[in-house]
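Structure first, then comments.
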Amino acid sequence: MSATVLNADLHCHSSVSDGTLAPEALAARAHANGVELWALTDHDEIAGQARARDAALALGLPYLTGTEISVSFAGITVHIVGLGFDAQDAQLAAGLQATRGGRGQRAREMAEALARVGIPGAYEGALQHAGNPELVARTHFARFLVERGVCGNTNEVFRNYLTEGKPGYVPHRWAGLGDAVRWITQAGGTAVIAHPGRYKFTPTEEYALFTEFIAHGGRAVEVVTGSHTTAEYVKYADMAQEFDLLASRGSDFHAPGESRTDLGALPWLPGRLSPVWEALADRVQRP
Ligand code: AMP
Ligand code: MN
Ligand code: MN
Ligand code: MN
C-alpha cells in the first residue's frame with residue numbers, strides 16, 4: 001500500500017489555543033475516529049504538547065509534536081505549522097512567547113472597536129472563552145458574539161466583524177516567515193505551509209511565499225486540509241510536486257459542531273505525493 005494511505009491528522013487545536021477540547025479529549029476523539037498518526041498544533045503555543053503526547057501514547061496512538069505559528073507575509077497573516085520538533089528547545093519557546101506577546105493588546109483594541117459599533121464587554125467576554133489567557137484569538141471573540149446573539153454562528157461573525165475591512169478587525173504584526181521557519185527547523189522539526197488556499201494571494205504573491213519559505217528551509221505544504229476545496233487539493237498537490245515539497249494532511253479541527261471537518265475525516269493524500277510523515281519517521285513518538 002502507498003505510504004500516502006495513512007490516517008494522519010497533523011493539524012488541530014485544543015483549549016490551550018482556540019479549540020474547545022482539552023488535549024486529552026482531542027487524543028481520545030482522534031483515536032475513536034481512526035487517526036493513526038496525530039499532532040496537536042495549537043496557535044503560537046506548545047504548552048499542551050506533553051498532555052497530548054501522553055494521552056495519545058496511552059491510547060496506542062503515535063504522536064508528532066506540533067504548533068501553528070502566526071506569520072506576517074506580504075501584509076497578510078500566513079500560518080506555518082511545525083512538526084516533529086524538540087518541545088524543550090529554548091529558541092522555539094522564546095519565539096512562540098514573543099509571537100503570543102501582542103495578543104493581549106490586540107484583543108483590547110478589538111474590544112474597543114466592537115464597543116464603537118455597539119457591542120460592549122467583548123474583551124472580558126472573549127477572555128471567558130479562552131482556556132489560555134495568553135492566547136486570546138479572534139475565535140474567542142467569535143464565540144462571544146454568537147453567545148450574545150449578535151450572529152448565528154462563528155463563520156458569520158468572521159464574515160461580518162472580524163476580517164479585514166470589518167468593524168472588529170485590528171491589523172497585527174506577527175512573526176517573520178524566516179524566523180518561524182528557523183525556530184522550527186533549528187529545533188529539529190519540519191516547517192509546513194498551512195492551508196495555502198486560505199490566503200487568497202495573487203499567483204505572484206503565492207509563488208513568492210513558496211519560494212521564500214523554501215529558501216528559509218521550509219520543506220512541506222498542507223495539501224489535504226479541512227480548509228481546502230476538492231479543487232484546491234489538486235492545485236496544491238500540483239504545487240507540492242512543482243516545488244518538490246513534502247505533503248501534509250490535517251483537519252484543522254477546533255470544536256465539535258463548529259469545525260467543517262472532524263479529526264481524521266479527510267480524503268487520502270494523493271498517491272503521487274511524498275508524505276511529510278515519511279520524512280518525519282524518526283521524530284514520531286510511539287507507544
Ligand atoms: P487569530 O490568530 O486570533 O487571528 O485567529 C485566527 C483564527 O480564527 C483561525 O485560526 C481560525 O481558527 C479562526 N478563523 C479565521 N478566519 C475564520 C473564518 N472565516 N471563519 C471561522 N473561523 C475563522
Ligand atoms: Mn484557530
Ligand atoms: Mn491556520
Ligand atoms: Mn489551525
Exercise for the section: Please tell me if SER259 is assigned by TED's automatic domain parsing to the domain that holds PHE201, in contact with a Ser or Thr (Cβ under 6 Å, 6 or more places away or on another chain) and within 16 Å of ligand 4 (Cβ to nearest atom). Expected result: no
Problem - Residue that is closer than 26 Å to ALA52 by Cβ and not acidic (Asp, Glu), where the choices are GLY217, GLY271 - result: GLY217
Completion exercise
Of (1) away from ligand 2 (no atom under 16 Å from the Cβ); (2) crowded, with 18+ Cβ neighbours inside 10 Å, ALA50 satisfies every one except (2)
Practice task
Exactly one condition in (1) surrounded by 14 or more Cβ atoms within 10 Å (Cβ to Cβ); (2) assigned to a helix (DSSP H, G or I); (3) within 16 Å of ligand 2 (Cβ to nearest atom); (4) not β-branched (Val, Ile, Thr) is not met by ASN160; state its number.
Solution key: (3)
Exercise for the section: Within segment 89-106, identify whether any single residue is within 15 Å of the chain's Cα centre (by Cα) and either free of Cβ contacts under 8 Å to residues at least 40 places away in the same chain or away from ligand 3 (no atom under 16 Å from the Cβ) (or both), and answer yes or no. Expected result: no
Handout entry: Members of segment 185-226 that are over 27 Å from GLN285 (Cα atoms) and within 16 Å of ligand 1 (Cβ to nearest atom)
Key = PRO196, GLY197, ARG198, TYR199, LYS200, PHE201
Problem - Failed criterion for PRO133 (all others in (1) open to solvent by less than 20 Å² (accessible area, probe 1.4 Å); (2) within 16 Å of ligand 1 (Cβ to nearest atom) hold) - result: (1)
Practice task
Can you tell me which residue within segment 87-130, out of those that are among the polar types (S, T, N, Q) and closer than 30 Å to GLN186 by Cα, is most open to solvent (accessible area, probe 1.4 Å)?
Solution key: GLN88
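The values are calculated or read from the model by the stated rules, or taken from the named source; none is laboratory data. What you are looking at is a predicted structure, and each value in this text was computed from that prediction instead of being measured. Glycine also receives a Cβ, built like all others from the backbone with ideal geometry; neighbour counts cover every protein chain displayed. When the accessible area is computed, the model is the full protein with side chains, heavy atoms only, and any ligands, DNA or RNA have been set aside. Shrake-Rupley method; radii C 1.70, N 1.55, O 1.52, S 1.80 Å.
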